[in-house]
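What follows is a set of notes on a single structure, which appears directly below.
The values are calculated or read from the model by the stated rules, or taken from the named source; none is laboratory data. Here the structure is a predicted model, which is why all the values come from computation and not from measurement. Here the Cβ is made from the backbone with ideal geometry for all residues, glycine too, and neighbour counts use every protein chain on show.
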Amino acid sequence: MNKGIYIANTEPQTGKVIVALGILKMLLSKVSRVGYFRPIISDFPKGKKDNHIQTMISYFNLDMKYEEAYGFTISEVVRLKKSGKELLLIDKIIEKYKNIEARFDVVLVEGSDFESKGVAFEFDLNAEIAKNLSIPTLIVSSAHDKDIKDAVSNLDLAVKTYVEKDVTVLAVFMNRVIESDCEKMKEELKKVIPTKTRYGVIPEVKKLSSPTIKEIYDEIGGEVLFGENLMNKKADKFNIGAMQLRNYLEHVGENCLVITPGDRADIIMGALQANASANYPSISGIILTGGLIPGETILKLIDGLQNIVPIILVDEDTFNVANKIGNVKSKVRPGDTKKVDLCISIFEKYINTEFSIDRFKSIKTNVMTPRMFQYKLVTKAKSVKKHIVLPEGTDTRILEAAVNLVEQNVVDITLLGKRDDILDKANKIGVNINEDEINIIDPATSEHYEDYWKTYFELRKHKNIPDDLARDTMLNVSFFGTMMVYKGDADGMVSGAAHTTAHTIVPALQFIKTKPGVNTVSSVFFMCLDDHVSVFGDCAVNINPNADQLAEIAISSAESAKAFGIDPKVALLSYSSGSSGSGVEVEKVKEATQKAIELHPDLKIEGPIQYDAAVDPIVGKSKMPNSKVAGQANVLIFPDLNTGNNTYKAVQRETGAVAIGPMLQGLKKPVNDLSRGCTVDDIFNTVVITAIQAQNQE
């Protein structure tokens, strides 16, 4: 069976990359080894490379070199065709593809971009390549600047052309559709697309079609005078500031790029003030033309402003600069993970991938890569959407993660804090908080505040707290967020990016409390190694657990593993294996193992056991030959926090493993703690596992 799938365009600027990224991510969730190949790429100036190839290899960490990921440049193709060597061209492409196919479970093949002048020539060539590779095809078309019937007719013709060449068309995608036309577009596609061919409709997304200031800067050059940290802001449109300020302000639009000569201080300052004003839209940046730098007094004035947008000085005149900017097309570039994430989230939101999953069901793998595990987690979280509260609403990492989560439609989010402070911080880092999608609550002004503090007072009155202390306590964002979870106004909480572990856990212990039969709240990390996932516990909460606590941590960790699709084989770690050693710590682990076995005789549990004997089949067999766990343990329980915390960090740093967590276990409702050194990805992953915990506790 051929193990490839071909993605082809019908024309330029279809947004094919959205489909390519989405399909590649889906494939990596099913198999561990996915290759990528582009038979034809555009010509690039010396030193430049194909964006798609670089992005796919770097973002998905594919085991490939750039040079092996493509066949020919378009100019090489033209030369071969002119010299009558078309058969050689196809033979070489097949040869290169087969070399990749031999190394991987599946190969994603992406057709050319139609950036050359011979559009018809490229269309036929892509169809011919797909035919000769004998792999099924996905066709991507665009409805941009077309009415529905013309767009459908164009795609219908493309499908018929491929079918006539005996190419199996698995699915077609109509991209860049006006959102209000999506349902009508589906109806029209249904009329013409063959029954066995799936179809999908993806709306036009302004965030993808609008270039960033950085993309514009790369095209026009110049000198960045201000706002270098905000170069990823989108420019949805641009206009020229040439008229008097009072008239120009009427033309300022949301995310507008202002182009004006550098000596027009009135336009410059007026645009900046409009950006800061609640009565005018936010601009994306200012381009100063003619090589005219504003005077020192103006520069000093600008430097003292808050929320300065990117201001770029160029030598060319206004007319030429405007023409260049008008020709800048937004592209997915290597390193622009936000745009890649957005492309994938759009694809996953609008497209059902079952048509391609079915194609590769016969490919089996026992490997569980980090990306496969993360994909499964996100898919699970999306299946029953949950509402997560993030108390640290002004932390920049929290803001970025919140936007990513909402854009990918993973969870509903509430941020806690003063609205103006949150929006101001978001604006400073170039993050767009859509208040229709992300809820912002200030505890002090919330409609729930009185109910919450009174509830807290009732829950804690046995501790003789005065009501004014209850009032003050509920102004604390961690207590307020935890109360949201307790009252059912949120399904889970994630905090700790800017606060201590105690700040996160204490409210949960006070009134969410532990599950029935559980006395010990503990934590686990999901350690995503190259080919499998292990559960490490406890690495974040209990400093020196006794035997009873250690047994409970082992049982809770096994239950957590089961909840996330891992068949638990539990190893209670020590510095000796079996009966080979003695000492207070070894005896503690022995006792904990016996207690855990007595409580849950159905679980596969071993202890005490050394780390190498637990995870290495050869060592495990030599040290504990009769054990059902030795050499294959995937739930590793450490005897104390010192050992656990240091070991998870050592494994993470030395192996490059992805550590997802810590996830707290044992509470009635999910509350999870972040490290103060957490990244945006850490926050994203912790919110995802919190949402899954909420699903599992229903």
From (1) in a helix (DSSP H, G or I); (2) at pLDDT 90 or above; (3) of a type in the set (D, E, K, R), pick out the condition that doesn't hold for Glu447.
(1)
Within the range 478-524, can you find the residues that are within 26 Å of His600 (Cα to Cα) and polar (S, T, N, Q)?
Thr514, Asn519, Thr520, Ser522, Ser523
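Would you be able to say whether some residue in the range 74-81 is of a type in the set (A, V, I, L, M, F, W, C), farther than 21 Å from Pro370 by Cα and in contact with a Leu (Cβ under 7 Å, 6 or more places away or on another chain)?
Within the range 74-81, one or more residues are of a type in the set (A, V, I, L, M, F, W, C), farther than 21 Å from Pro370 by Cα and in contact with a Leu (Cβ under 7 Å, 6 or more places away or on another chain).
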Under 33 Å from the mean Cα position of the chain (by Cα), within 20 Å of Gln13 (Cβ to Cβ) and at pLDDT 90 or above: which single residue out of Ser153, Ser141 fits that description?
Ser141
Scan the range 425-444 for residues that are in contact with a Lys or Arg (Cβ under 9 Å, 6 or more places away or on another chain) and either touching a residue at least 60 places away in the same chain (Cβ under 8 Å) or not acidic (Asp, Glu) (or both) and report the count.
6
Within the range 308-318, identify whether any single residue is hydroxyl-bearing (Ser, Thr, Tyr), in a helix (DSSP H, G or I) and either out of contact with any Cys (no Cβ under 7 Å at 6 or more places or on another chain) or modelled with pLDDT under 90 (or both), and answer yes or no.
yes
Go through the range 600-630 and give me each residue that's closer than 20 Å to Ile555 by Cα and touching an Asp or Glu at 6+ places or on another chain (Cβ under 8 Å).
Ala614, Ser627, Lys628, Val629, Ala630
Tell me which residues, restricted to the range 611-668, are of a type in the set (Phe, Trp, Tyr) and more than 24 Å from Gly496 (Cβ to Cβ).
Tyr611
Would you tally the residues in the range 648-698 being closer than 21 Å to Val384 by Cα and polar (S, T, N, Q)?
9
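Condition check: surrounded by fewer than 22 Cβ atoms within 10 Å (Cβ to Cβ), in the same structural domain as Thr647 (by TED's automatic domain parsing), among the aliphatic types (A, V, I, L, M) and in contact (Cβ under 8 Å) with a residue 60 or more places away in the chain. Does Ile543 satisfy that? Reasoning before the result, please.
Working: surrounded by fewer than 22 Cβ atoms within 10 Å (Cβ to Cβ): yes; in the same structural domain as Thr647 (by TED's automatic domain parsing): yes; among the aliphatic types (A, V, I, L, M): yes; in contact (Cβ under 8 Å) with a residue 60 or more places away in the chain: yes.
Judged against the criteria, Ile543 is a match.
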Could you please let me know if Ile135 is aliphatic (A, V, I, L, M) and part of a helix (DSSP H, G or I)?
no
Going through (1) loosely packed, with under 14 Cβ neighbours inside 10 Å; (2) out of contact with any Leu (no Cβ under 7 Å at 6 or more places or on another chain); (3) of a type outside the set (Val, Ile, Thr) one by one, Ala444 fails only at (2)
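Would a scan of the range 564-579 turn up a residue that is part of a loop (DSSP other than H, G, I, E, B), β-branched (Val, Ile, Thr) and touching a residue at least 40 places away in the same chain (Cβ under 8 Å)?
yes
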Suppose the filter is assigned by TED's automatic domain parsing to the domain that holds Ala596, closer than 24 Å to Thr379 by Cα and either touching a Pro at 6+ places or on another chain (Cβ under 9 Å) or surrounded by fewer than 17 Cβ atoms within 10 Å (Cβ to Cβ) (or both); does Val658 pass it?
yes
Just name the residue that is nearest to the chain's Cα centre (by Cα) out of those in the range 64-99 that are at pLDDT 90 or above and either hydrophobic (A, V, I, L, M, F, W, C) or assigned to a loop (DSSP other than H, G, I, E, B) (or both).
Met64
Being of a type in the set (Gly, Ala, Ser), surrounded by 21 or more Cβ atoms within 10 Å (Cβ to Cβ) and either in contact with a strand residue (DSSP E or B) (Cβ under 9 Å, 6 or more places away or on another chain) or under 29 Å from Val17 (Cα atoms) (or both) narrows Gly253, Gly262, Gly227 down to just Gly262
Within the set of pairs 6 or more residues apart or between chains, which connect a residue that is closer than 22 Å to Ala596 by Cβ inside the range 632-656 to a residue that is exposed (fewer than 15 other Cβ atoms within 10 Å of the Cβ) and of a type in the set (Asp, Glu) with Cβ atoms less than 9 Å apart?
Asn634/Asp567
Residues being in a loop (DSSP other than H, G, I, E, B) and more than 34 Å from the chain's Cα centre (by Cα) - total across the range 238-278:
7
